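Just below is one structure, and these are the notes that go with it.
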Amino acid sequence: MLGALKKLSLTHWIIIATIAGVVVGYLDHDVWLDSSIGASVKPLSNIFIRMIKSIVVPLIFGSLVIGIAGHGDDLKRVGRLAFRSIVYFEIVTTVALFVGLAAVNLARPGDGVSLAVQSTADAQAFAGTPITLSGVLEHTVPASFFDAASKNEVLQVVFFSILFAAALTQVPSGRGKDAMLGFSEGLSEVMFKFTNIVMKFAPFGIFGAVAATIGQNGLGVIAALGKLVLTLYVALVVFVVIALVPVALIARIPIKKFWQWVKEPWLIAFTTASSEAALPLAMENMEKFGVPRRIVSFVMPTGYSFNLDGSTLYLAIASIFVAQAAGIELGLGQQLIMMLTLMLTSKGVAAVPRASLVILSGTLVTFGLPLEGIAVILAVDAFMDMARTSVNLLGNCLASAVMARWEGELAA
């Protein structure tokens, strides 16, 4: 029995915790009418949220510095390939963001979900604050990196990290530059391991969040969360149809042959919810498809910092979902500013399970939206993670093929 329990993956434990939370919440709300079990287990969710918040700043700093300065020499060598790749990444991920934004506003999956938030004054203040370009630009620049880090001001941390990485690329090779790159790489790797440790507590946090949410609101919230999952899946299908398929046709990529080589790593990414698990096979298969090794070895790893189509689309849906669930109506201006934030911060998302939640938590903090939304989303995040991760992999495989075509080196 104990051996069987040890074999269960995190996804399995999350599903078990969700079911347990549903049962306890239902009993608390509909059977034991005077019970307060849901409120009693709510601290488990709060503890998990606080641990997630502690990851945001070091993970973003380390990832962005390595993502920019770590490829400095490569950028000089490949030149045109790097420029084309980054432009392509930005265009496609921007399309993903706006597909997600359109989907969440049309479907409104947050309606009917009630977050147990004691105060939404900060979020209400943001929603009612006029957006000015000068105000946004001024707020983006930190007076102190440490002050921005202590307050989880993600935009300011991103601004500092980008300037720091740009300055680091101009430092001559030597012990000083190597030390800073080594520190940033080590910090990034440690924070990914830190995230893995924190995620081991996720089932407890999810149990507390689900039990408290259903204990307060009843089972009706489950239907609303099902609507969130459906919204994401439909939006990802729409994105593939209106963005990736036309790109493949324009670049004259043989879609049937491409899918034959991509389907196996895609399935690995879908079932494990980890792009890293599928990356080695994906790179090998793209070479077999006809993409030169030099292009595969640059485009695909870089894509996991700059071209996470599924994750960016998910972040657009999840962030607006939390605002809807909190009863905060954000205007078009506020939503566009949030999309700009996600466009920047999503570049630090790692290709590991549920790393998008770290970026989402930072975005919610930036705009004063309740972090309780993350705990609610986690109840169904395992199902959403599989979809967005598989689209991440698909998008990066296609990117390598498109770059090879544009370079005139695709053998397919």
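Picking from Thr312, Thr341, which residue would you name as being in contact (Cβ under 8 Å) with a residue 12 or more places away in the chain and either buried (at least 23 other Cβ atoms within 10 Å of the Cβ) or within 29 Å of Glu284 (Cα to Cα) (or both)?
Among Thr312, Thr341, only Thr312 is in contact (Cβ under 8 Å) with a residue 12 or more places away in the chain and either buried (at least 23 other Cβ atoms within 10 Å of the Cβ) or within 29 Å of Glu284 (Cα to Cα) (or both).
Just to be sure before I move on: is Ser184 modelled with pLDDT of 85 or more, of a type in the set (S, T, N, Q) and part of a helix (DSSP H, G or I) in the structure I sent?
Criteria met by Ser184.
Since Leu236 meets every condition but one in (1) at pLDDT 90 or above; (2) of a type outside the set (S, T, N, Q); (3) out of contact with any Asp or Glu (no Cβ under 9 Å at 6 or more places or on another chain), which condition does it not meet?
Every condition holds for Leu236 apart from (3).
Counting only residues that are surrounded by fewer than 20 Cβ atoms within 10 Å (Cβ to Cβ) and not in a loop (DSSP other than H, G, I, E, B), how many does the stretch 320-333 have?
Result for the stretch 320-333: 2.
Kindly indicate the residue of the stretch 161-179 that is without any contact (Cβ under 8 Å) to a residue 60 or more places away in the chain and among the hydrophobic types (A, V, I, L, M, F, W, C) and also farthest from Ser54 (Cα to Cα) among those meeting that condition.
So the residue we want is Val171.
Within the stretch 357-412, take every residue that is of a type in the set (Asp, Glu) and under 12 Å from the mean Cα position of the chain (by Cα) and give me the one that is nearest to Ala20 (Cα to Cα).
Among them, the one singled out is Asp381.
Quick one: count up the residues across the stretch 292-328 that are closer than 14 Å to Phe239 by Cα and among the β-branched types (Val, Ile, Thr).
Of the residues in that region, 2 qualify.
Of the residues that make up the stretch 316-335, is at least one touching a Ser or Thr at 6+ places or on another chain (Cβ under 9 Å), at pLDDT 80 or above and within 30 Å of Arg405 (Cβ to Cβ)?
No, because not a single residue in the stretch 316-335 is touching a Ser or Thr at 6+ places or on another chain (Cβ under 9 Å), at pLDDT 80 or above and within 30 Å of Arg405 (Cβ to Cβ).
What are the pairs, 6+ residues apart or on separate chains, where a residue within the stretch 383-412 that is under 27 Å from Leu357 (Cα atoms) has its Cβ under 9 Å from a residue that is among the acidic types (Asp, Glu)?
Arg388/Asp309; Val391/Asp309; Asn392/Asp309; Leu394/Asp309; Gly395/Asp309; Asn396/Asp309
Would you be able to say whether some residue in the stretch 196-212 is of a type in the set (Val, Ile, Thr), over 27 Å from Ser9 (Cβ atoms) and either surrounded by fewer than 22 Cβ atoms within 10 Å (Cβ to Cβ) or in contact with a Pro (Cβ under 7 Å, 6 or more places away or on another chain) (or both)?
For the stretch 196-212, residues of a type in the set (Val, Ile, Thr), over 27 Å from Ser9 (Cβ atoms) and either surrounded by fewer than 22 Cβ atoms within 10 Å (Cβ to Cβ) or in contact with a Pro (Cβ under 7 Å, 6 or more places away or on another chain) (or both): absent.
Give Gly62, Gly38, Gly67 a once-over and let me know the one that is at pLDDT 80 or above and touching a helix residue (DSSP H, G or I) at 6+ places or on another chain (Cβ under 6 Å). I'd like the intermediate steps shown before the answer.
Numbers: Gly38 fails: at pLDDT 80 or above; Gly67 fails: at pLDDT 80 or above.
Every option except Gly62 fails the conditions.
Go through the stretch 153-209 residue by residue and tally those that are acidic (Asp, Glu) and more than 21 Å from the chain's Cα centre (by Cα).
Of the residues in the stretch 153-209, 1 are acidic (Asp, Glu) and more than 21 Å from the chain's Cα centre (by Cα).
Can you name the number of the only condition in (1) at pLDDT below 80; (2) buried (at least 24 other Cβ atoms within 10 Å of the Cβ) that Val380 fails?
Tallying (1) at pLDDT below 80; (2) buried (at least 24 other Cβ atoms within 10 Å of the Cβ), Val380 fails exactly one: (2).
Check the stretch 109-123 and report whether any residue there is in a helix (DSSP H, G or I), at pLDDT below 85 and either in contact with a strand residue (DSSP E or B) (Cβ under 6 Å, 6 or more places away or on another chain) or surrounded by fewer than 15 Cβ atoms within 10 Å (Cβ to Cβ) (or both).
yes
Within the stretch 147-163, take every residue that is over 19 Å from Met343 (Cβ atoms) and surrounded by fewer than 18 Cβ atoms within 10 Å (Cβ to Cβ) and give me the one that is modelled with the highest pLDDT.
Asp147
What about Ile295, is it in contact (Cβ under 8 Å) with a residue 12 or more places away in the chain and over 13 Å from Leu398 (Cα atoms)?
So Ile295 does not fit the description; no.
Any residue at all in the stretch 137-146 that is assigned to a helix (DSSP H, G or I), in contact with a helix residue (DSSP H, G or I) (Cβ under 6 Å, 6 or more places away or on another chain) and modelled with pLDDT under 80?
Within the stretch 137-146, the first condition is being assigned to a helix (DSSP H, G or I), and the residues that meet it are 137-140, 145-146.
Pick out the ones that are also in contact with a helix residue (DSSP H, G or I) (Cβ under 6 Å, 6 or more places away or on another chain) and you get 140, 145.
Of the ones still in play, those that are also modelled with pLDDT under 80 are 140.
Yes.
The values are calculated or read from the model by the stated rules, or taken from the named source; none is laboratory data. What you see is a predicted model, and the numbers here were worked out from it, not measured in a lab. All Cβ positions, glycine included, derive from the backbone under ideal geometry; neighbour counts span all protein chains shown.
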